[in-house]
Amino acid sequence: MIEVTIDSIRVSLLSQNRIVVLKEEGSERFLPIWIGPFEADAITLQLQGMEAPRPLTHDLLKSVIETLGAEVLHIVINSLERNTYYARIVLDNNGETTEIDSRPSDAIALAVRVSVPIYVAEEVMEQAGMMPEEEMALSEEGGRSEYGDTSSEDLGAFKDFVEGLDLDSLLGN
């Protein structure tokens, strides 16, 4: 297993989805995983030390695990099948190790709440991990990277939109 940290959470240029970028400890290799906006917000809130007025689903999961006397040991992104990542939450339950199937986004949101390590299976990192040069090469070719389409002709419409904004009227001037 390869230990990773949360490098960033990015917004997709193509949809409302987010991408959590996991960075391998002691390496420049990273693993981008598409997640939903609610899961991204749950992770971001915790990383920034902010509290929601009411417990979120991941706070509830943490509370249930603790109330039952179990402890989260770590989480692992353990599989990648047909472009879908799978994860496991690994618990110590009275000296017995229990693994629970999970979406990676939920496992990561729980991991940041209980401050446990995040791991990626070596075969998953071999299959989907990227080096910064690979991302740059995709961008320079004008191709689609994990972060959206970067071709200049597709960004042209966005550029025209931004240049056409009347900021004075938006600001009430």
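Counted by neighbouring Cβ atoms within 10 Å, the residues Ser115, Ser105 run from fewest to most as Ser115, Ser105.
Between Met131 and Ser8, the contour length at 0.36 nm per residue exceeds the Cα-Cα span by 42.8 nm. Remark on the stretch 1-92: Rg and Dmax equal 14.5, 43 Å (Cα only). Going from the fewest other Cβ atoms within 10 Å to the most, the residues Leu13, Leu31 appear in the order Leu13, Leu31.
The numbers here are math on the coordinates, done by the rules we state, and not lab data. Here the structure is a predicted model, which is why all the values come from computation and not from measurement. Every residue, glycine as well, gets a Cβ built from its backbone with ideal geometry; the counts of neighbours run over all protein chains shown.
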